[in-house]
Structure formats: C-alpha cells, structure tokens
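Below is one structure, written out as structure tokens; comments come after it.
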Amino acid sequence: MSRRIAAKITGVAGYLPPRVVRNADLEKLVDTNDDWIRTRTGIRERHYAEPGVASSHLGAEAAKKLLSANGVNPEEIDLIVVATVTPDMLFPATACLIQDRIGAKNAWGFDLSAACSGFPYALTVGAQFVGAGTHKKVLVIGTDVMTSILNFKDRATCVLFGDGAGAVLVEASESPSEGILDFGHDIDGSGGMNLYMPGGGSLHPSTAETVEKGMHYVHQEGQLVFKYAVRRMSDLACRILERNSLTSRDLALVVPHQANLRIIRAMQERLGVDDSKVLVNIDRYGNTTAGTIPLGLMDAVNQKRLKKGDLVLLVSVGAGYTTGSVLMRWAY
C-alpha cells in the first residue's frame with residue numbers, strides 16, 4: 001500500500017461585496033436597533049451583494065485573488081469544491097460557473113451543501129483527493145449570498161447575515177506533521193427543521209403559493225439553534241484536541257464559524273483560551289455562512305496572527321444540523 005500524502009493549505013483569499021450595511025441602516029427596514037443587534041449577536045455591520053450578483057461571482061473573485069497572489073495559472077487547478085447553500089441556481093453547479101469564470105478549464109468540480117459547516121466539509125473533501133495522490137492543486141471555496149433568501153420583515157433573522165466568499169488552495173505537504181492533521185464531522189438531522197428554507201426543492205416546488213407563504217426565506221428557531229450551537233461547538237473542539245493528545249494550550253488560533261459572538265465566547269470559555277487565540281470578525285461581516293471560516297483565515301493571515309508551524313483549529317455548527325472541525329498545522 002502506498003503511503004498517504006498529507007495535504008495543506010498553501011494560500012487563502014476572500015472577497016466581500018463593496019456595499020456595507022450597518023445596524024443603523026437596518027433600523028430603517030425593520031423594527032430593530034443597533035444596541036439590540038450588537039448585544040445579542042456582536043454584529044455592527046455586514047456586506048451586501050448588489051442585485052444580480054450571485055454566489056458564483058463572489059466565489060470567482062475570491063478564487064482570482066487567491067490564484068493571482070500565489071502565482072498559479074487557473075489551468076493548473078485540478079478540482080474545485082464549492083460550499084454553498086445559495087447556489088446561483090439548482091443546476092448547473094456553482095463550481096461549473098466558477099470554473100468557467102476563472103478559466104480553470106482543466107478542473108472538474110462540484111457543490112457541497114452543509115450550510116455553515118460547508119467550508120470545513122469541503123476542505124476535508126478536497127484534502128482527500130490531494131492525500132490520495134490523484135490531484136495536485138485543489139481549490140476549495142465557501143461562498144454565499146444570504147441576502148437572497150432573507151425576509152427583511154423578520155428582525156430575528158435578517159440582521160444576522162451578510163454576503164461573502166473565501167477560497168483556499170490545497171496542495172500536498174512535504175511532511176505528515178504539517179497541514180491538515182485530523183477532522184471530526186457529524187450531523188443531527190433531527191434538528192433540521194430548526195434552521196431551514198422550506199420552499200424551492202422537490203418537496204415544495206416554487207409556486208405562487210410558496211412565494212406568498214414566504215417559504216423561500218430562511219426560517220429559524222433561534223433559541224433552539226443557539227443552545228445546540230453553544231454545546232456542540234465546545235464539544236467538537238474538545239473532542240478533536242483530546243483525540244490528538246493535545247490541549248487548548250497547544251493551539252495558536254481557533255477560527256470558529258461566525259454565527260453569534262455569544263456562541264464563540266461560550267466555546268472560548270470552555271476551552272480556556274484568551275481573546276488572542278480566537279479569530280472574531282462577526283462584528284464586520286456578520287454570518288456569511290460557508291464564507292465565514294475562509295474569511296477568518298484570510299483575516300488571520302492579513303493580521304499576521306499565523307506563522308508556519310502554528311496549530312490551528314477550525315470549528316463550525318450549521319443547519320442540518322451539521323457540525324465540523326478541522327485541526328491543522330499551519331504550513332506557510
């Protein structure tokens with residue numbers, strides 16, 4: 001049997017649409033206020049895509065920035081894995097649209113739907129192809145235009161989300177001790193109806209009636225999702241560290257999904273790490289769903305909070321329920 005190849009992230013980039021929407025702007029649309037939003041979520045502002053700008057556009061811009069920064073020709077890309085719950089359309093896959101838009105004519109690809117855990121899932125999938133020795137350069141993208149499925153009459157959900165995309169390049173690692181070391185994912189479908197979009201699929205195809213009933217918007221049981229996320233984010237983080245005979249003291253940085261600052265702080269308290277070891281950008285971006293973790297990695301790199309050899313933990317909880325964690329040794 002051939003030795004399995006380790007996979008590592010060799011580059012990261014992100015893209016946020018230029019339009020910034022602050023809490024004060026939302027006060028004009030729905031019964032809310034800046035203090036209510038900041039106190040309950042930690043969000044001050046977020047970015048909104050303009051009408052006609054879709055997930056493939058944001059994902060392609062992030063990919064272009066990544067390839068340019070790394071000096072990679074798009075034709076060198078073997079595979080594109082796109083995490084999204086807001087595809088441009090049901091088909092073709094967003095990966096196909098991005099592949100064409102960036103000129104990666106030698107790549108194949110597909111979409112992966114795991115909501116806020118989409119990026120850790122997609123990263124794990126991409127790493128398997130590199131690890132098998134069948135692919136050299138894999139592009140993993142998390143992109144969502146959540147504003148396309150928000151009900152701006154529902155103050156409990158419309159204030160939470162923003163639009164954005166992040167991308168990473170995954171390549172083979174020279175050493176099994178660097179790059180992606182382990183992952184831990186699971187799902188709990190019994191909570192699926194606590195955070196979902198009921199309309200538009202085969203169960204409730206789009207009709208005038210489904211539109212009238214608001215079935216094409218995000219529906220969320222906020223308290224149930226919050227309680228689940230607080231418990232599971234902490235459980236996942238502790239479990240993957242224990243499995244690898246590590247403690248939180250070994251971590252250089254935790255990059256959690258950015259759904260709610262209170263969820264992040266609860267996980268942080270259980271891990272026993274201080275603010276310097278936790279990436280938080282929800283105040284500026286809101287919840288960009290599959291985009292949050294790669295955008296967090298982008299910020300960590302730009303803020304020089306990562307150096308080669310650092311132990312990094314990615315952790316997420318999303319609709320489904322989906323939960324995911326990835327442990328890696330930063331490799332560049």
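The values are calculated or read from the model by the stated rules, or taken from the named source; none is laboratory data. A quick note: this is a predicted structure, and the numbers were derived from the prediction, not measured. Virtual Cβ from ideal backbone geometry, glycine too; neighbours counted across all protein chains shown. Ligands, DNA and RNA are stripped out before the accessible areas are found, and what is left, the full protein with its side chains, is counted by its heavy atoms. Shrake-Rupley method; radii C 1.70, N 1.55, O 1.52, S 1.80 Å.
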Of all residues making up the stretch 1-33, the number that are over 30 Å from residue 179 (Cβ atoms) and without any contact (Cβ under 8 Å) to a residue 12 or more places away in the chain:
5
Residues satisfying the stated conditions in the stretch 189-205, i.e. open to solvent by 80 Å² or more (accessible area, probe 1.4 Å) and either of a type in the set (Lys, Arg) or touching a Gly at 6+ places or on another chain (Cβ under 8 Å) (or both):
none
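If you go through the stretch 145-173 one residue at a time, how many are of a type outside the set (A, V, I, L, M) and over 25 Å from residue 39 (Cβ atoms)?
Counting residues in the stretch 145-173 that are of a type outside the set (A, V, I, L, M) and over 25 Å from residue 39 (Cβ atoms) gives 4.
Mind listing just one residue for me: the one in the stretch 206-222 that is touching a helix residue (DSSP H, G or I) at 6+ places or on another chain (Cβ under 9 Å) and outside any loop (DSSP other than H, G, I, E, B) and, of those, surrounded by the fewest Cβ atoms within 10 Å (Cβ to Cβ)? Step through it out loud before you land on a result.
Keep residues of the stretch 206-222 that are touching a helix residue (DSSP H, G or I) at 6+ places or on another chain (Cβ under 9 Å), which gives 215-222.
Add one more test, that the residue is outside any loop (DSSP other than H, G, I, E, B), and what stays is 219-220, 222.
On the way: 219: 18, 220: 18, 222: 14.
Going through the qualifying residues, I end up with 222.
Residue-wise test of (1) in contact with a helix residue (DSSP H, G or I) (Cβ under 7 Å, 6 or more places away or on another chain); (2) in contact (Cβ under 8 Å) with a residue 12 or more places away in the chain; (3) part of a loop (DSSP other than H, G, I, E, B).
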site	(1), (2), (3)
280	yes, yes, yes
283	no, yes, no
291	no, yes, no
297	no, yes, no
300	no, yes, no
305	no, yes, yes
315	yes, yes, no
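Assess whether residue 58 counts as being open to solvent by less than 20 Å² (accessible area, probe 1.4 Å) and more than 16 Å from residue 289 (Cα to Cα). Write out each step before concluding.
Details: open to solvent by less than 20 Å² (accessible area, probe 1.4 Å): yes; more than 16 Å from residue 289 (Cα to Cα): no.
No; evaluated as a whole, the condition is false for this residue.
Going by the conditions given, is residue 153 surrounded by fewer than 21 Cβ atoms within 10 Å (Cβ to Cβ), basic (Lys, Arg) and under 24 Å from residue 98 (Cβ atoms)?
Numbers: surrounded by fewer than 21 Cβ atoms within 10 Å (Cβ to Cβ): yes; basic (Lys, Arg): yes; under 24 Å from residue 98 (Cβ atoms): no.
For residue 153, the condition - surrounded by fewer than 21 Cβ atoms within 10 Å (Cβ to Cβ), basic (Lys, Arg) and under 24 Å from residue 98 (Cβ atoms) - is not met.
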Counting only residues that are touching a residue at least 40 places away in the same chain (Cβ under 8 Å), of a type in the set (D, E, K, R) and assigned to a loop (DSSP other than H, G, I, E, B), how many does the stretch 34-57 have?
1
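Can you tell me which residue among 259, 252 is open to solvent by 10 Å² or more (accessible area, probe 1.4 Å), small (Gly, Ala, Ser) and in contact with an Asp or Glu (Cβ under 6 Å, 6 or more places away or on another chain)? If you could, list the steps in order and put the result at the bottom.
Numbers: 259 fails: in contact with an Asp or Glu (Cβ under 6 Å, 6 or more places away or on another chain).
Unique residue meeting the criteria: 252.
Looking at the stretch 61-80, which of its residues are touching a residue at least 24 places away in the same chain (Cβ under 8 Å) and either under 22 Å from residue 147 (Cα atoms) or open to solvent by 70 Å² or more (accessible area, probe 1.4 Å) (or both)? Walk me through how you get there before you give the answer.
Restricting attention to the stretch 61-80, the residues satisfying the condition of being touching a residue at least 24 places away in the same chain (Cβ under 8 Å) are 61-67, 69-70, 72, 74-80.
The answer is 61, 62, 63, 64, 65, 69, 75, 76.
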Using the structure shown, decide if residue 144 is acidic (Asp, Glu), open to solvent by 10 Å² or more (accessible area, probe 1.4 Å), within 19 Å of residue 317 (Cβ to Cβ) and modelled with pLDDT of 95 or more.
no
Sort out which residues of the stretch 113-136 are crowded, with 24+ Cβ neighbours inside 10 Å and either part of a loop (DSSP other than H, G, I, E, B) or of a type in the set (Phe, Trp, Tyr) (or both), and write them in order of number.
114, 119, 121
